[in-house]
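J.: What follows is a single structure, and I will ask about it in a moment.
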Amino acid sequence: QIDVVDPKGKLWMPASTKMLPKLKEVMVCCRQTGIPIIYTAHQAHPSGRDKGLMHTYLELLQESLIEGQPGAEIYPDIAPQPDEWVIRNKRRYDAFWGTELEEVLRTLGRDQIIMTGACTNFCCSTTTRSGMQRGFNIAFPYDLNATDDPAIHEEVCKTMNRGYARVMSANELL
């Protein structure tokens, strides 16, 4: 989302911007081979009524990723095509929690997920754990997930590889 990927964003992580060229390459490959791309957009209601505890722990979320604000929109360089799913009711780290993500995947007949995004140690890892518990096989390209601390990123990738996903590079994925 703009708040995370754009250098002027309220939650900008340089690693999220750095991964864009390879992410775009993987997206082109997915589109050419018929692999669906499903976006999740973390957004909170402007009133704050649905923020939950994660907004208590991460004060930066108080002013970012607010529904209807530009920063909550998908970053334009990786914008969805008209026929691609965008799940906008994501209110927690886990993209399955309270959303239609599992239903969409099951309807599409998919049991594999390529997990990309930010933040490695929050949304990406939580969704990966949840997806594995639901029976999805998950590819976790370490260079297509981003966070603000390289040491944390490395440790989370090790954990994902030990029991939740197949961790690999984007080049291995391609």
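J.: Which numbered condition trips up residue 130, out of (1) within 25 Å of residue 52 (Cα to Cα); (2) of a type in the set (Gly, Ala, Ser); (3) in contact with a helix residue (DSSP H, G or I) (Cβ under 8 Å, 6 or more places away or on another chain)?
T.: It is condition (3) that residue 130 fails.
J.: Within region 52-70, which residues are β-branched (Val, Ile, Thr) and modelled with pLDDT of 70 or more?
T.: 66, the sole residue that qualifies.
J.: Conditions first: (1) without any contact (Cβ under 8 Å) to a residue 60 or more places away in the chain; (2) surrounded by fewer than 20 Cβ atoms within 10 Å (Cβ to Cβ); (3) within 13 Å of the chain's Cα centre (by Cα). Residue 74 passes all but one, so which condition is the exception?
T.: Every condition holds for residue 74 apart from (1).
J.: Return the residues of region 101-138 that are in contact (Cβ under 8 Å) with a residue 12 or more places away in the chain, open to solvent by 80 Å² or more (accessible area, probe 1.4 Å) and either under 15 Å from residue 19 (Cα atoms) or part of a helix (DSSP H, G or I) (or both); say none if nothing qualifies.
T.: Correct list: 129 only.
J.: Another question, then. Go through the residues of region 85-102 one by one and say whether even a single one is farther than 26 Å from residue 44 by Cα and modelled with pLDDT of 95 or more. Give the derivation first.
T.: Initially, region 85-102 is screened for residues farther than 26 Å from residue 44 by Cα, giving none.
No, because not a single residue in region 85-102 is farther than 26 Å from residue 44 by Cα and modelled with pLDDT of 95 or more.
J.: What number of residues within region 139-174 are open to solvent by less than 50 Å² (accessible area, probe 1.4 Å) and either among the hydroxyl-bearing types (Ser, Thr, Tyr) or outside any helix (DSSP H, G or I) (or both)?
T.: Number of matching residues: 10.
J.: For residue 80, work out the one condition from (1) farther than 25 Å from residue 161 by Cβ; (2) at pLDDT 95 or above; (3) not in a loop (DSSP other than H, G, I, E, B) it doesn't fulfil.
T.: For residue 80, the failing item is (3).
J.: Of the conditions (1) open to solvent by 80 Å² or more (accessible area, probe 1.4 Å); (2) polar (S, T, N, Q); (3) not in a helix (DSSP H, G or I), residue 32 fails just one. Which one is it?
T.: Answer for residue 32: the failing condition is (3).
The values are calculated or read from the model by the stated rules, or taken from the named source; none is laboratory data. This structure is a prediction, so every number in the text was calculated from the model and none was measured. Glycine also receives a Cβ, built like all others from the backbone with ideal geometry; neighbour counts cover every protein chain displayed. Just so you know, the surface numbers come from the protein's heavy atoms only, side chains and all, with ligands and any DNA or RNA stripped out. Shrake-Rupley method; radii C 1.70, N 1.55, O 1.52, S 1.80 Å.
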